[in-house]
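Below: the structure, in structure tokens.
Computed from the coordinates by the stated procedures, all read-outs in this text should not be read as laboratory data. All values reported here derive from a predicted model rather than from experimental measurement. Virtual Cβ from ideal backbone geometry, glycine too; neighbours counted across all protein chains shown.
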Amino acid sequence: MTQPVTDFVDALSAIHLEHVFNPYKEHCPHFDRSDAAARRRRNLELSLRTAVELEVRTVWIARDLGYRGGRRTGLALTDELHLDAYSTLFRGLPVKRATKGPPVGERTANTIWRMLARIGEPVFLWNVFPLHPHEPGDPMTNRCHSAKERGASSWFLHALIDLLGPEKVIAIGGDAHRAVDGMGIDSTHVRHPSYGGQNVFIRQIEEAYDLVVDTAPDLFRQPAA
């Protein structure tokens, strides 16, 4: 299974699109280490190989890489604050930081990894558009990928599903669900945890994995007056 994974990562690394940062090929002059792209490629390749070996049951798919998360780590829905958690979930996978300076966190990743810790089994994380689309001239922004950009990368999602053969695909957010559905892939739709959707997301994941309901207080919710 080594060659299909290598071919997958090599093909992804070769994509070049305008106003899109390819973390497996490109170098950010502000935050990246000199070998950042190689580190991110390695992170992804190790993750895919391990996911195949562990026969992961589910794949979670969001919309696109974000500038505080996957752009920096090369791992979907994973910021630098959760690299150790990622390593633990994948049985000690030696993922490495690709950037300089203090680690950067992402609120969505925080909620995602809170739930992954409770599930306690490897889940492979991915995006409909596996690169980071940004506003023209402003690389530290997020935007929704275009239909053209999705078309240029749709092969990767199909190849990933073929490679892993998951029992269940969970689409995080309406945009991701509509895109996955439009590509002919069956998925379970859950609310995206951002913009007030955190509690709904948590309950839906609890239901999907038959988890005991978490009664801990929501630290992000303001107390009633």
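Residues that are more than 22 Å from H145 (Cβ to Cβ) and buried (at least 16 other Cβ atoms within 10 Å of the Cβ) within the stretch 1-30 comprise just one, V5.
Quick one: which residue in I185, I205, I161, I170 is farther than 30 Å from F31 by Cα, part of a strand (DSSP E or B) and of a type outside the set (K, R)? It would help to see each step written out before you state the result.
Details: I185 fails: part of a strand (DSSP E or B); I205 fails: part of a strand (DSSP E or B); I161 fails: part of a strand (DSSP E or B).
From the options I185, I205, I161, I170, the qualifying one is I170.
The residue that is nearest to R71 (Cα to Cα), counting only those in the stretch 1-51 that are of a type in the set (F, W, Y) and not in a strand (DSSP E or B), is Y24.
Pairs meeting the criteria (first residue in the stretch 37-48 and without any contact (Cβ under 8 Å) to a residue 40 or more places away in the chain and crowded, with 21+ Cβ neighbours inside 10 Å, second residue of a type in the set (A, V, I, L, M) and outside any helix (DSSP H, G or I), beta carbons under 8 Å, at least 6 apart or on different chains) are L44/L75. Residue check: A109 meets all listed conditions (1) within 12 Å of the chain's Cα centre (by Cα); (2) within 23 Å of A159 (Cα to Cα) but one, namely (2).
The set of residues in the stretch 92-133 being within 30 Å of E149 (Cα to Cα), outside any loop (DSSP other than H, G, I, E, B), without any contact (Cβ under 8 Å) to a residue 60 or more places away in the chain and not aromatic (F, W, Y) consists of A109, N110, L116. Scanning the stretch 68-109 for residues that are buried (at least 21 other Cβ atoms within 10 Å of the Cβ) and among the hydroxyl-bearing types (S, T, Y) returns T73, T78, Y86, T108.
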